[in-house]
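The values are calculated or read from the model by the stated rules, or taken from the named source; none is laboratory data. Please read all numbers here as calculations on a predicted model, not as lab measurements. Reconstructed Cβ throughout: ideal geometry from the backbone, glycine too, with neighbour counts over all protein chains shown.
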Amino acid sequence: MQHVCHMVLIGNVGEVKNVDPRKKRPTPHFMQDKVTDSDSKWLPAVEIDPSEVDGALVTEGKWFTKKVSNTDHSIYYLSSESNHTSKILCRSDADIEEAQYEGGFKVWDCTYHLMKYLCLNNPKARFIGKKVLDLGCGNGFLGILSIYLGAEVVHFQDYNDIVIRNITIPNVLKNLQKCSLPPEKCKFYAGDWKSFSELNSFKYDVILTAATIYNSKCYGKLLSVFEENLESSGSVILAAKSHYFGWGGGTRKFEDYLQQNSKFETSTLWTCSEGVQQDIIEIKFQTKDSVNGLSS
Ligand SMILES: C[S@@+](CC[C@H](N)C(=O)[O-])C[C@H]1O[C@@H](n2cnc3c(N)ncnc32)[C@H](O)[C@@H]1O
């Protein structure tokens, strides 16, 4: 992932029919006042009601399926190339533009690694009856997988409301329809992590997050979501590259950051060292035993 590049790479993009986000709601999120955070401006968190979303995206969309490894499930998702949408969001031709567009239209590799890991490693215990947050969800594959694996409540958060409206919500509604589950099972949020917890005090058993730690400037607010929204016995499962060239963040830097914070402990669940190393790590609140070195 490059901070500045000259191609707009939007793979697996939902078919954004008649996309003009300015027509979708009276006050588009990206036109609202932004929250100043160091040298950047970030949009405040908002909840998005799925009933506001154009139903034609679900009924008339061009649907693709992705078989989920080791299960009988296939995830339905919208797909097409659409540079149109990214051009609305990015002033330059970048795949991510800080605080403007954070890359949610594309499905990033880390998500596929994490999906496979979750399916192969005790999925029932991790998901049945659990409250799950797909943080920095993009297309929402991790949250949708959680629904198929038996989660009771699944919430989705992405920085860009245009991603939530045009990709995440249609994808989630289509998959809920497929397994005859009610839309009330899911909630959707857009905006910056900094104000997410002020808007939403819900506590999750599991927070899933993939390709979200490239920008170390956001580590403080990401950690505050973990602190405020994770159940005391819950866990964050995070998938990321060990290092993001051009950004400087990655699992190594994030683990160092967590160590300084001292509230959390981490363990590496999976590592792939082909090409740029990718890791899946689990993050939990420290317990008295883990502080005293007594945990297994
Ligand atoms: C590279 S995309 C990854 C999308 C998806 N998880 C995947 O793996 O396909 C990074 C995601 O992190 C989220 N994100 C990054 N910085 C954020 C911030 N400061 N506040 C809220 N969300 C942020 C965005 O929603 C964006 O979709």
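Annotations for the structure displayed:
- For Asp256, the test of being part of a helix (DSSP H, G or I), surrounded by fewer than 17 Cβ atoms within 10 Å (Cβ to Cβ) and at pLDDT below 95 is failed.
- Residue within segment 157-169 that is at pLDDT 95 or above and more than 13 Å from the ligand (Cβ to nearest atom) present: yes
- Among (1) more than 13 Å from the ligand (Cβ to nearest atom); (2) part of a helix (DSSP H, G or I) - the single one Leu145 does not satisfy: (1)
- Search result, residues across segment 130-142 that are touching a helix residue (DSSP H, G or I) at 6+ places or on another chain (Cβ under 6 Å) and more than 12 Å from the ligand (Cβ to nearest atom): Val132
- Of the residues in segment 97-117, at least one is within 13 Å of the ligand (Cβ to nearest atom), at pLDDT below 95 and in contact with an Asp or Glu (Cβ under 7 Å, 6 or more places away or on another chain).
- Selection status of Gly250, loosely packed, with under 14 Cβ neighbours inside 10 Å, in contact with a His (Cβ under 7 Å, 6 or more places away or on another chain) and touching a residue at least 24 places away in the same chain (Cβ under 8 Å): no
- In the set (1) within 10 Å of the ligand (Cβ to nearest atom); (2) at pLDDT below 95, Ala239 fails one condition alone, (2).
- Identity of the residue in segment 204-229, touching a strand residue (DSSP E or B) at 6+ places or on another chain (Cβ under 6 Å) and over 24 Å from Arg165 (Cα atoms), that ends up nearest to the ligand (Cβ to nearest atom): Phe226
- Some residue of segment 133-151 being of a type in the set (Asp, Glu) and either farther than 29 Å from Gly246 by Cβ or crowded, with 23+ Cβ neighbours inside 10 Å (or both): yes
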